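Participant: Next up is a structure, given as structure tokens.
The values are calculated or read from the model by the stated rules, or taken from the named source; none is laboratory data. This is a predicted model, so every value here is computed, not measured. Neighbour counts run over all protein chains shown; Cβ positions are idealised from the backbone, glycine included. The area values use the complete protein model at the heavy-atom level, side chains included, leaving out ligands, DNA and RNA. Shrake-Rupley method; radii C 1.70, N 1.55, O 1.52, S 1.80 Å.
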Amino acid sequence: MGLSIGDFARLVGVSHEAIRKGIKSGRIVLSSDGSIDETTQVERWHATRDPSKVRGGRPMTASTPEASASAVAKFDQLKTAEKALQVQLLQEELRQVKAETVNRDDVRRSLTAFARLIRDKWVNFPNRYGQQIAAEVGCEPKSLMASLDRFVRLQLDEIANAKPTLPD
């Protein structure tokens, strides 16, 4: 007479679910009465077992309270180490993001300074180029410079009152 699934699992040191999977995959062959023949199937089980899937490189054994406490402590240490690693990875990611971003106030100051520079260049345009333009066109410089100054200031006022459209 053969062994039940639970008895065979205890014999080879694994869970009954591992034995059920072994039966389903064909690694263990059941007798005609549904039992497992100990003499043939133990050897077959060990011969077809994947060592990479064996916990700790050896079959599972019955646990003692001390072994359980030790396993819980090791698990807690692993979880703590895993959390510490995740924190380190997040800190590194934050450093990279900070390196790629700029301070909003710095951007505003830079844009304001650039806008003032452009405005100052345009306000100074009639005085700087008015006489040269008048000479090329052949007109009186004073009236051309006054006209240029008026139109440049009108254009700058129009730009100052324009509302920028933000992209969606």
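Participant: I'm trying to understand the selection: among the residues of region 49-83, which are modelled with pLDDT of 70 or more and under 13 Å from Ala18 (Cα atoms)?
Facilitator: The first filter runs over region 49-83 and keeps only residues modelled with pLDDT of 70 or more, leaving 49-50, 53, 69-83.
Listed by number, the residues that qualify are Arg49, Asp50, Lys53.
Participant: Sticking with this structure for a sec: Whether any residue in region 114-122 is in contact with a Pro (Cβ under 6 Å, 6 or more places away or on another chain), open to solvent by less than 90 Å² (accessible area, probe 1.4 Å) and charged (D, E, K, R) is what I want to check. Explain how you work it out, then say what you get.
Facilitator: Taking region 114-122 and keeping what is in contact with a Pro (Cβ under 6 Å, 6 or more places away or on another chain), we get none.
Scanning region 114-122 turns up no residue that is in contact with a Pro (Cβ under 6 Å, 6 or more places away or on another chain), open to solvent by less than 90 Å² (accessible area, probe 1.4 Å) and charged (D, E, K, R).
Participant: How many residues are open to solvent by 40 Å² or more (accessible area, probe 1.4 Å), out of contact with any strand residue (DSSP E or B) (no Cβ under 9 Å at 6 or more places or on another chain) and either in contact (Cβ under 8 Å) with a residue 40 or more places away in the chain or not in a helix (DSSP H, G or I) (or both) when one looks only at region 12-43? Lay out the reasoning, then the answer.
Facilitator: As a first pass, look at region 12-43 and keep what is open to solvent by 40 Å² or more (accessible area, probe 1.4 Å): 15-17, 20-21, 23-25, 27, 29-34, 37-40, 43.
Of the ones still in play, those that are also out of contact with any strand residue (DSSP E or B) (no Cβ under 9 Å at 6 or more places or on another chain) are 15-17, 20-21, 24-25, 27, 31-34, 39-40, 43.
Cutting the leftovers down to either in contact (Cβ under 8 Å) with a residue 40 or more places away in the chain or not in a helix (DSSP H, G or I) (or both) gives us 15, 27, 31-34.
So the answer is 6.
Participant: Next question, about the same structure. If you check Arg95, Arg119, Arg108, which single one turns out to be in a helix (DSSP H, G or I) and in contact (Cβ under 8 Å) with a residue 24 or more places away in the chain? Quick ask: steps written out before the conclusion?
Facilitator: Values: Arg95 fails: in contact (Cβ under 8 Å) with a residue 24 or more places away in the chain; Arg108 fails: in contact (Cβ under 8 Å) with a residue 24 or more places away in the chain.
After applying the criteria, what remains is Arg119.
Participant: Under 9 Å between Cβ atoms, at least 6 apart or on separate chains: pull out the pairs that start in region 150-162 with a residue that is farther than 13 Å from Arg119 by Cβ and end on any residue that is surrounded by 10 or more Cβ atoms within 10 Å (Cβ to Cβ).
Facilitator: Between residues of region 150-162 that are farther than 13 Å from Arg119 by Cβ and residues that are surrounded by 10 or more Cβ atoms within 10 Å (Cβ to Cβ), the close pairs are Arg150/Pro126; Phe151/Pro126.
Participant: Please go through region 123-168 and give me each residue that is at pLDDT 90 or above, loosely packed, with under 11 Cβ neighbours inside 10 Å and not in a helix (DSSP H, G or I), ordered by number.
Facilitator: Those that are at pLDDT 90 or above, loosely packed, with under 11 Cβ neighbours inside 10 Å and not in a helix (DSSP H, G or I): Gly138, Glu140.
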